[in-house]
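Below is one structure, written out as structure tokens, with a few remarks after it.
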Amino acid sequence: MSNLKTFFGEAKEAVDKELDRLTPAENTHPAVIHAAMRYSIFAGGKRLRPALVFAVCSAINVPPSKVVSFSAALEMIHTYTLIHDDLPALDDDDLRRGNITCHKKFGEANAILAGDALLTLAFEVMTDLNNFEGVKPEVLLRVARDTACDIGTLGTIGGQVVDLEMENKEPDLAVLEYIHTHKTGKLIVAAVRGSAILTGASPDEVCAFTSYAKAIGLAFQVADDILDVVGNPEKLGKTVGADEGKKKLTYPALMGMDESKVFAEALVKKACGHLEHISGDSSILRDIARFIVDREN
Ligand code: GRG
């Protein structure tokens, strides 16, 4: 896995450089919004979604520079969900990525606007042909539209809404799977499928990449539920035990800790099975699937 550490390090360096290029400077008027956006973007984070984009490039054997703007746009979207999720009206968290949350530092109104601004900027970046040399406009349009669907009411936001509705309700496995595959899984699918399409993967390969992403997306959230019970708050950069405190529906609460771990392992196996349909070297995608359930943060 030391190769994977290097891979994540390189992915972070590349996406951070691109995020810096694409996000207005901190002193750009009106400065407070740009400072808030930059604060949350550069507060840390694993850069998992950009790493997935680059891992698809490695499997298809195309240079990551082709989709670096796409990876930055996804990290903007991811950061917007984190900022909004931490707000008092939602999770009301003080700590994110080991730092105080955006609304604690910049105030609630600026945090709402910083999230909105990152979401908007992501689509500005994704639909700017100058960021995607050699990609046909219709391909870009398809990926931007797919991404919008994935994070809308039939995707991420839908998952979040059902999550809120289920607090203090009777546990239900089907509902929990809906929440996790939508709330967290859909952006992971957008990252993997979008980069496969942008880099010219065949339709069969796009299908296999998408199935892989669905499985690791769910595995990611099962692991997240497990970490919320047994994780180290210092390594996680956030408080643990929040799910239980809020009576949230989680896999450990529903099927127990041991069964949850078995389920996460089965999802990794399933994900790696889909990669057998990829002709190139998908070893990094395999390592990422493993990392998703073994991670400590
Ligand atoms: C639209 C407000 C809104 C929310 C949508 C995705 C989401 C729902 C909320 C994000 C908050 C959250 C804690 C989701 C659970 C799993 C998750 C996405 C954890 C954080 O992702 P990591 O571990 O974070 O990739 P880093 O900080 O490493 O980038």
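The values are calculated or read from the model by the stated rules, or taken from the named source; none is laboratory data. Bear in mind the structure is a predicted one, so any value in this text is a computation, not a measurement. Don't worry about glycine lacking a Cβ; one is built from the backbone with ideal geometry, like all the others, and counts go over all protein chains shown. To get the accessible areas, we keep the full protein, side chains included, count just its heavy atoms, and leave off ligands, DNA and RNA. Shrake-Rupley method; radii C 1.70, N 1.55, O 1.52, S 1.80 Å.
For this structure, a couple of remarks:
- Restricting the range 163-185 to residues that are in contact with a Lys or Arg (Cβ under 9 Å, 6 or more places away or on another chain) and either polar (S, T, N, Q) or within 21 Å of ARG286 (Cα to Cα) (or both), the residue that is farthest from the ligand (Cβ to nearest atom) is ASN168.
- Elements of type helices (runs of 4 or more DSSP H) in the range 88-155, at least 1 residues being small (Gly, Ala, Ser) and within 18 Å of the chain's Cα centre (by Cα): 108-126, 137-151
- Listing of helices (runs of 4 or more DSSP H) fully contained in the range 220-260 that carry 1 or more residues being hydroxyl-bearing (Ser, Thr, Tyr) and either buried (at least 17 other Cβ atoms within 10 Å of the Cβ) or modelled with pLDDT under 90 (or both): 251-255
- For the range 22-36, taking the residues that are out of contact with any His (no Cβ under 9 Å at 6 or more places or on another chain) and without any contact (Cβ under 8 Å) to a residue 24 or more places away in the chain, the one that is most open to solvent (accessible area, probe 1.4 Å) is identified as HIS29.
- In this entry, LEU187 is excluded by the filter for residues that are of a type outside the set (Gly, Ala, Ser), open to solvent by 70 Å² or more (accessible area, probe 1.4 Å) and out of contact with any Leu (no Cβ under 6 Å at 6 or more places or on another chain).
- In the range 37-62, the residues that are open to solvent by less than 40 Å² (accessible area, probe 1.4 Å), assigned to a helix (DSSP H, G or I) and within 16 Å of the ligand (Cβ to nearest atom): MET37, ARG38, SER40, ILE41, LEU48, ARG49, PRO50, ALA51, LEU52, VAL53, PHE54, ALA55
- Hits in the range 147-162 - residues which are within 10 Å of the ligand (Cβ to nearest atom) and either in contact with a strand residue (DSSP E or B) (Cβ under 9 Å, 6 or more places away or on another chain) or among the aliphatic types (A, V, I, L, M) (or both): ILE151, ILE157, VAL161
- Leading residue by the ranking (farthest from the ligand (Cβ to nearest atom)) among those in the range 63-83 that are small (Gly, Ala, Ser) and open to solvent by less than 10 Å² (accessible area, probe 1.4 Å): SER69
- Any chance ALA117 is open to solvent by 10 Å² or more (accessible area, probe 1.4 Å), among the small types (Gly, Ala, Ser) and more than 13 Å from the ligand (Cβ to nearest atom): yes
- ASP86 modelled with pLDDT under 95, farther than 13 Å from ILE33 by Cβ, within 14 Å of the ligand (Cβ to nearest atom) and open to solvent by less than 50 Å² (accessible area, probe 1.4 Å): no
- Positions within the range 167-181 being assigned to a helix (DSSP H, G or I) and open to solvent by 30 Å² or more (accessible area, probe 1.4 Å), in sequence order: LEU173, ALA174, VAL175, GLU177, TYR178, THR181
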